[in-house]
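For reference, the structure is listed below as structure tokens.
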Amino acid sequence: QVQLVESGGGLVQEGGSLRLSCAASGSIFSSDTMGWYRQAPGKQRELVARVPGGGATIYADSVKGRFTISRDNAKKTVYLQMNSLKPEDTAVYYCNLARFSYLYWGQGTQVTVSS
């Protein structure tokens with residue numbers, strides 16, 4: 001069983017930065033894909049970024065050049081460094097782990113960007 005716990009959300013002004021962390025417990029494999037999704041009020045959950053176990057990192061077009069995803073397998077943690085934040089980045093951010101057909105989700109952390 002995998003559990004994911006996010007931290008690092010909060011309120012920040014436009015142009016500011018935040019760093020989200022997602023700590024995983026249980027058995028984590030280097031082949032797992034880990035990523036971040038977000039859901040704004042009234043919108044569907046969308047991919048922000050993901051880092052496969054052995055493939056290229058993928059970013060949503062809306063965050064390219066501003067967000068950076070990284071993972072530390074030894075610490076079983078994935079990070080999301082968010083720079084140049086915009087009000088449209090306001091959402092609940094969810095950590096995700098994908099292993100074959102199984103998906104694990106964290107409880108989410110709120111990010112609010114004020115203009």
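Things to note:
- Identity of the residue in the stretch 2-22, over 14 Å from the mean Cα position of the chain (by Cα) and farther than 25 Å from SER114 by Cα, that ends up least open to solvent (accessible area, probe 1.4 Å): VAL2
- For the stretch 65-91, a residue qualifies if it is in contact (Cβ under 8 Å) with a residue 12 or more places away in the chain and of a type in the set (Asp, Glu), and the qualifying residues are GLU88, ASP89.
- Checking each residue in the stretch 1-30 for being of a type in the set (Val, Ile, Thr) and modelled with pLDDT of 95 or more picks out VAL5, VAL12.
- Evaluated against (1) free of Cβ contacts under 8 Å to residues at least 12 places away in the same chain; (2) not in a loop (DSSP other than H, G, I, E, B), TYR104 falls short on exactly one condition, (1).
- GLN81 satisfies every condition listed in (1) out of contact with any helix residue (DSSP H, G or I) (no Cβ under 9 Å at 6 or more places or on another chain); (2) assigned to a loop (DSSP other than H, G, I, E, B) except (2).
- Residues (in contact (Cβ under 8 Å) with a residue 24 or more places away in the chain and farther than 18 Å from ASN83 by Cβ) located in the stretch 44-64: ARG45, ARG50, GLY53, GLY54
The values are calculated or read from the model by the stated rules, or taken from the named source; none is laboratory data. Source: prediction; values computed, not measured. Using ideal geometry, Cβ is built from the backbone for each residue, glycine included, and neighbour counts are taken over all protein chains shown. Calculation scope for accessible area: heavy atoms of the full protein, side chains included, ligands and nucleic acids excluded. Shrake-Rupley method; radii C 1.70, N 1.55, O 1.52, S 1.80 Å.
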